[in-house]
1. Counting heavy atoms of the protein chains only and a 1.4 Å probe, report the per residue accessible area for the chain as a whole number of Å².
2. Using a 1.4 angstrom probe with every protein chain in place, what is the largest-first accessible-area order of Asp71, Asp18, Asp99?
3. Could you give the nm distance between label points at Lys6 and Arg48, where each point is 7 Å from its Cα heading toward the beta carbon?
4. Roughly how far apart, in whole Å, are the Cα centres of region 1-20 and region 90-118?
5. I want to check the label-to-label distance for Leu86 and His36. Put each point 7 Å from Cα in the C-beta direction and report it in nm to one decimal.
6. On a 1.4 Å probe surface of the protein chains, which of Tyr104, Tyr53 comes out largest in accessible area, and what is the full order?
Amino acid sequence: YRKPPKKDILDGSIWQVDEINLQPLLEFSTLTIRFHNQKINGSSECNRFKGRYKISGEAIQLEVLERTTDDCMEPGIMHQDEEFILILEKAARFSFSGDDLKFYTVEGQELLDFVLMTE
């Protein structure tokens, strides 16, 4: 049994958000994203999302196609969740080294900082 070849540098990896707009996440909250086969899926405290992504060089494009919006957490967490989804779709560039992944705007402003959870 061999693993299929990676389609791109992020294929098959799962990341946890460390910072949104240079701010740490709220305490006890977790946001994750998984890249696989040009698709993304992820979860926040109790909501999930799905979508797709494209990478070309250092450019990245993410599109969220479906998401749940359960009101099952504190307003702060809900707000963070909304912000995360909006920011994902703004990402235009990324940098990747070892177990660190960052997303930036077109102008190079850092949007999201992730740490690798697992491959």
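1. I get 61 Å² per residue for the chain.
2. Working: Asp71 135, Asp18 70, Asp99 95 Å².
Ranked list, largest accessible area first: Asp71, Asp99, Asp18.
3. The answer from the label model is 2.5 nm.
4. Value for the Cα centre distance between the two parts: 13 Å.
5. Result for the modelled spin labels: 3.0 nm.
6. Details: Tyr104 45, Tyr53 5 Å².
Per-residue accessible area, sorted high to low, gives Tyr104, Tyr53.
The values are calculated or read from the model by the stated rules, or taken from the named source; none is laboratory data. Just so it is clear, the structure is predicted and the values come from calculations on it, not from any experiment. Note: ideal-geometry Cβ built from the backbone for every residue, glycine included; neighbour counts use all protein chains shown. Ligands, DNA and RNA are stripped out before the accessible areas are found, and what is left, the full protein with its side chains, is counted by its heavy atoms. Shrake-Rupley method; radii C 1.70, N 1.55, O 1.52, S 1.80 Å.
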